[in-house]
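To keep things clear, I will list the structure first and then write my remarks on it.
What follows is calculated from the coordinates using simple rules that are stated; it is not laboratory data. What you see is a predicted model; the values in this text were computed from it and never measured. When we count neighbours, we look across all protein chains shown, and the Cβ atoms used for this are built from the backbone with ideal geometry, even at glycine.
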Amino acid sequence: MKIRKLQMEDWLADHQLAKYNLAESGFVDFSLGKFLSFCDENPANLEKISLMNPDTRGSIGLRREIVSCYQAAEIENVLVTVGVTEALFTFFNTILEPGDEVIVQFPEFQTLYELPAALGCEIKYLYLAKENGFIPEPGKIRELITAKTRLIIINNPHNPTGSVLDAETIREIGNIAAENDIYLLFDEHYKFLPLKEGTEQFTSGFDICRGLHKKIAAAGSITKCFGLNGLRVGWLLADPETIEECREFKHYLTHVTPPICDYLAEMALKHKGELILYVKRSILENLGRLNHFMKRHPNQFEYIEPRGGLVCFPKLKNQPDASAFCKNLLTSHGISLLPGENFGMNQYFRLNFGIEIDKFEKTIQLMETFLNLRGV
């Protein structure tokens, strides 16, 4: 298996320590001490964790907490993985064969199309139009389906644009998958972060479509939403037979989730309501400030306000390539944005509003200064 380089990783690694890092896609990370304090957990309890070789499916406790986040899932539908990438890797290797066709949104996180391509699949791109709010059109999906189509992948909320599908559209896509006996996978990394007040979560495509078709799956995680990227805990939901096949494949990968990570992930989900409120206090204030900034600069940016998650995808007007804009902003003010070339969209850039409020406020001020000085 040969796979193409994950383009964005060089930029993210090279500029990880930028003073104002808005290139990442997760909430600002907790320290272990702060997280334990937030959850009112005695650090001494960590000393009791056994470093045993645990169940490859994940602990019963963690799987129960994952199930509590869904309406149509049972414990046998859950496989805990080391990050969402492992969930995707096991699922793709389990259901796909060389020559299969896979329908993927575009722009899209590179993993979702490079992994199937590396397995010998043909990628059919479902192009998302800015004029349609980057929402996939079910009719376009129908047009892409052939006798070789094996899988449709829907990323919702969407990275990098922050767009969100409504339940009616999700159900229509589910019916298309059922009519054609095609697998349908929902990548729902930002499930916990609708961009409005309260602790509400997005309803999973797994919940909406489970009654329509057996071949429905979903991948999720707490890491980006809750500032716990270092835990590397994700999960896959699917029918029990597929979960068991994916588990057998996982035996050749990480085999198990480290017990400490499993324990902390279970703790996070037990406190998900408090964590959602904590995260939203920052991101909603930051998003409001970002919206005002974009309204002040309609001649510089085309901007669609995100509806879910932590990122948005503005288009830079009057310049064919946003890379120079991002590099100049980094050099002059220490602000790291992710150039859109990493998503095959050169005029765009990804911006994360999930950083500390004071840093984000300063970032906006510096971007104003940058635009004024350069007349961009």
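Of all DSSP-defined beta bridges confined to the chain, some 45% are antiparallel rather than parallel.
Cβ neighbours within 10 Å, averaged per peptide: list 269-277, 301-309 in order, most packed at the top.
On the way: 269-277: 17.4, 301-309: 20.8.
The peptides rank, most packed first, as 301-309, 269-277.
Quick one: go through the stretch 338-375 and flag any residue whose amide nitrogen is under 14 Å from the point 7 Å out along the Cα-to-Cβ line of ASP321. Backbone N within reach: 339-342, 344-348.
In terms of the Cα gyration tensor, with a ≥ b ≥ c the square roots of its eigenvalues, is the stretch 158-277 rounded because a/c is under 1.5, prolate because a/b exceeds b/c, or oblate? Present the calculation step by step, with values, prior to reporting the outcome.
Working: a/c = 2.29, a/b = 1.14, b/c = 2.02.
Verdict is oblate for the stretch 158-277.
Among beta bridges identified by DSSP and lying wholly in the stretch 51-272, the antiparallel ones come to about 30 percent. Magnitude of the charge dipole for the chain, about its Cα centre and with charges confined to Cβ atoms of Lys, Arg (+1) and Asp, Glu (-1), is about 940 debye.
Taking the chain as a Gaussian network, where each spring joins two C-alpha atoms under 10 Å apart, which residue of HIS213, HIS158, HIS297 fluctuates the most? With Cα springs under 10 Å in the chain, the top fluctuation among HIS213, HIS158, HIS297 is at HIS297. Stokes-Einstein diffusion of the stretch 241-376 at 20 °C, 1.002 mPa s viscosity, Kirkwood radius from Cα pairs, rounded to a whole number: 122 µm²/s. Please say if the stretch 171-213 is rounded, prolate or oblate, where rounded means a/c under 1.5 for a ≥ b ≥ c the square roots of the C-alpha gyration tensor eigenvalues, and otherwise the choice is prolate for a/b larger than b/c and oblate otherwise? Prolate shape, in that a/c is at least 1.5 and a/b is the bigger ratio.
Rounded, prolate or oblate: which fits the stretch 243-305 when a ≥ b ≥ c are the square roots of the eigenvalues of the alpha-carbon gyration tensor, with rounded for a/c under 1.5 and prolate only if a/b beats b/c? Mind dumping the intermediate values first?
Numbers: a/c = 4.71, a/b = 2.07, b/c = 2.27.
Note, shape of the stretch 243-305 comes out oblate.
Values of log10 I(q)/I(0) for the stretch 51-272 across q = 0.08, 0.10, 0.16, 0.19 Å⁻¹ run -0.26, -0.41, -1.09, -1.54, by the Debye formula with one identical scatterer at each alpha carbon and no solvent.
At 0.36 nm per residue, minus the direct Cα-Cα distance, what do ALA167 and ALA44 gain on full extension? Give it in nm, one decimal, please.
Working: separation 123, 0.36 × 123 = 44.28 nm, distance 4.40 nm.
Full extension from ALA167 to ALA44 adds 39.9 nm.
In the stretch 3-30, whose amide N lies under 16 Å from the spot 7 Å out along Cα-to-Cβ of GLU356? List them in ranges. Counting only backbone N, you get 17-22, 27-30.
Percent of alpha carbon pairs in the chain separated by more than 35 Å?
Numbers: 16798 of 70500 pairs.
Of all Cα-Cα pairs in the chain, 24 percent lie more than 35 Å apart.
Computed over the stretch 312-372, the Cα gyration tensor eigenvalues convert (square root of 5λ each) into semi-axes of 19, 13, 9 Å, ordered from largest to smallest. Structure note, pairs LYS191/LYS317; LYS196/LYS272; LYS280/LYS317: Cα-Cα distances above 20 angstrom occur for LYS191/LYS317; LYS280/LYS317.
Using a 10 Å cut-off around each Cβ, can you sort MET1, MET345 from fewest to most neighbouring Cβ atoms? Don't skip to the end; give the middle numbers.
On the way: MET1 7, MET345 20.
Ascending number of Cβ neighbours within 10 Å: MET1, MET345.
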